[in-house]
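One structure is given here, and the rest of the page talks about it.
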Amino acid sequence: MKIRTLIVDDEPLARSNLSVLLRLDPEIEIVGECSSGADALAEIRSAMPDLVFLDVQMPECDGFDVLERLGKHLPAAIVFVTAYDQYALRAFEAGALDYLLKPFDNARFDRALSRAKQRILSGKDLPRTPERLAIKSVGQVSFVKISEIDWIEAADYYACLHVGARTHLLRRSISELEQELDPAIFCRIHRSTIVNLTRVRSLELSAAGEYEVVLENGSSLRLSRRYRKRLQSRLSVRCADGS
């Protein structure tokens, strides 16, 4: 099996140079080239490459934006490529395997490609289940472990992750997240709310006659009638009204 590789750079010459180097390796199959972050998102989701050479600085949607929005489609190995060395630390914090600073020589490229091959081959048979989410904010990317999320609420086209006393704004819809999260752990309780079942302390009847989900940290979340039976089934409980 060849290593499926995608090239993402807004400069034609940079894409051409990477393509020439990659075609020298018989183990590499170039599945596409993209000139923007938006195109890269669509191509990665459809082609599912193993390796992506990703430019950092691109108009409208940069390399860090791409990482944040990929979710479960995150490739096994990402090598950032840029002419600006100030992004290096941020690239590694964002989960990049390596960082190529333009202009780079063939030896430096070969080292990056070798590292990528090792990463991909070592995890070839492992399922691609995301364990964390990439969050971009104030020019940096941080990661949140999915298992540490208490609950998630919709915020227009964003999703607000509640992790302990902190909140993180993710530029993805709550419906998209619901499709990726483990249904044995996360359950939708309202059109705008998903809860981590391991954090649920109780279901309580409010003064208005509606049930609320109370978490271990004391947060109280509205439980919609539409999702009540699903939640009860997951928790294996019956409500006080017998339903």
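Read the figures in this text as sums done on the coordinates, not as results from a lab. Owing to the predicted nature of the structure, the values given are computational and were not obtained by experimental measurement. A quick note on method: Cβ atoms are made from the backbone with ideal geometry, for glycine too, and the neighbour counts reach across all protein chains shown.
See the values below:
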item: Degrees, to the nearest 10: 37-47 long Cα axis against longest axis of the chain; result: 80 degrees
item: Gyration tensor (Cα) of the range 3-122, equivalent ellipsoid semi-axes in angstrom; result: 18, 16, 15
item: Size-normalised alpha-carbon gyration radius of the chain, reference 2.2 N^0.38 Å; result: 1.21
item: Debye log10 I(q)/I(0) at q = 0.16, 0.19, 0.20 Å⁻¹ for the range 144-235, Cα point scatterers; result: -0.59, -0.85, -0.94
item: Those lysines that a straight Cα-Cα span of less than 23 Å connects to residue 102, excepting residues fewer than 8 apart in one chain; result: 117
item: Helix-only mean residue ellipticity at 222 nm for the chain, each DSSP H run of n ≥ 4 adding -39500 (n - 2.57), per residue, nearest 500; result: -9000 deg cm²/dmol
item: Selection from 22, 236, 135 lying farthest towards where the dipole of the chain points positive, charges on Cβ; result: 236
item: Net charge dipole size for the chain [Lys, Arg +1 and Asp, Glu -1 on Cβ; Debye, nearest 20]; result: 1000 debye
item: Nearest 10 degrees, 0 to 90: helix 225-235 Cα axis against the chain principal axis; result: 80 degrees
